[in-house]
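Just so it is clear, none of the values below were taken in a lab; they were calculated from the coordinates. Keep in mind the model is a prediction, meaning the values are calculated, not measured. When we count neighbours, we look across all protein chains shown, and the Cβ atoms used for this are built from the backbone with ideal geometry, even at glycine.
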Amino acid sequence: EAQVTQNPRYLITVTGKKLTVTCSQNMNHEYMSWYRQDPGLGLRQIYYSMNVEVTDKGDVPEGYKVSRKEKRNFPLILESPSPNQTSLYFCASSFRYGANVLTFGAGSRLTVL
Amino acid sequence: AQKVTQAQTEISVVEKEDVTLDCVYETRDTTYYLFWYKQPPSGELVFLIRRNSFDEQNEISGRYSWNFQKSTSSFNFTITASQVVDSEVYFCALRYSSASKIIFGSGTRLSIRP
């Protein structure tokens, strides 16, 4: 089944404790991206990647890091999480950009205390 | 500025009523793509429709229809004879052919009352 898999789905952590949210797709997509969803703000793009070793900032990159060492994986790293990063996170991928439809993961709900 | 506005934060209607969700966008590009996604309570966004900037033909799919008007920069979504199962959050999005960013609206939460 074609899908985007995120883990963990739910996480409660404390301020400053580094964490990684993994994202993997099995569709050979070139484009991958991360979003956060907050009430009243919709989805905001954190980082995106056009292909392996090519990443770029979205609209809200502060406090996050990403890497794209393999085509299928695009982990989101929070080096020192803070409470304002409490949010619902989505990973998505598409074949390329432009007209291509995004396939989303199921979401990861992160709470930082 | 490049922006997507969904002014209706929440809409509540009674089952079987028709309902229209508004989407207004701003862009300087001449080539772009507009999308609608829905988000059920489970959370995962699901693709509904895509339109490119050169195709203003309206589209109908069952009870769903979309009206794209470049003159007003709008891409509205209508559900005819709404059903309780239509109660989800709906997002409009704008994507460019020349760039990799995608801009989502803030979403409209639709509640259909029995």
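The table that follows gives values for the structure above.
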read-out	value
Mean Cα-pair separation over length for chain B, i.e. relative contact order, pairs under 8 Å, 6 or more apart, %	37 percent
Whichever lysines have a C-alpha closer than 16 Å to that of B:LYS101, once near sequence neighbours (fewer than 8 apart) are set aside	A:LYS57, B:LYS3
The range B:20-76: relative contact order in percent, alpha carbon pairs under 8 Å with at least 6 residues between	37 percent
Residue-span extension gain [B:THR30 to B:SER71] - 0.36 nm each, minus C-alpha spacing	13.5 nm
In range of the label at B:GLU56: residues from the range B:5-29 whose backbone nitrogen is under 18 Å from the point 7 Å along Cα→Cβ	B:23-29
Gain on full stretching of the segment that runs from A:GLU70 to A:GLU1 - 0.36 nm per residue minus C-alpha separation	22.9 nm
Least to most buried among A:SER108, A:SER87 (fewest other Cβ within 10 Å first)	A:SER87, A:SER108
Nitroxide proxy distance, nm - points 7 Å out along Cα→Cβ at A:ASN84 and B:TYR64	3.6 nm
Extension gain, A:LEU11 back to A:ASN51 (0.36 nm per residue minus Cα-Cα distance, nm)	11.6 nm
In the range B:9-114, chymotrypsin sites (Phe, Trp or Tyr not before Pro) in a DSSP loop with at most 16 other beta-carbon atoms within 10 Å	B:PHE54
Contact order relative to length of chain A, as percent, for alpha carbon pairs under 8 angstrom and 6 or more apart	36 percent
Environment charge at A:THR13 (Cβ cut-off 13 Å; Lys +1, Arg +1, Asp -1, Glu -1)	+2
Restricting the range A:11-53 to trypsin sites (Lys or Arg not before Pro) in coil, as DSSP defines it, with at most 16 other Cβ within 10 Å	A:LYS17, A:LYS18
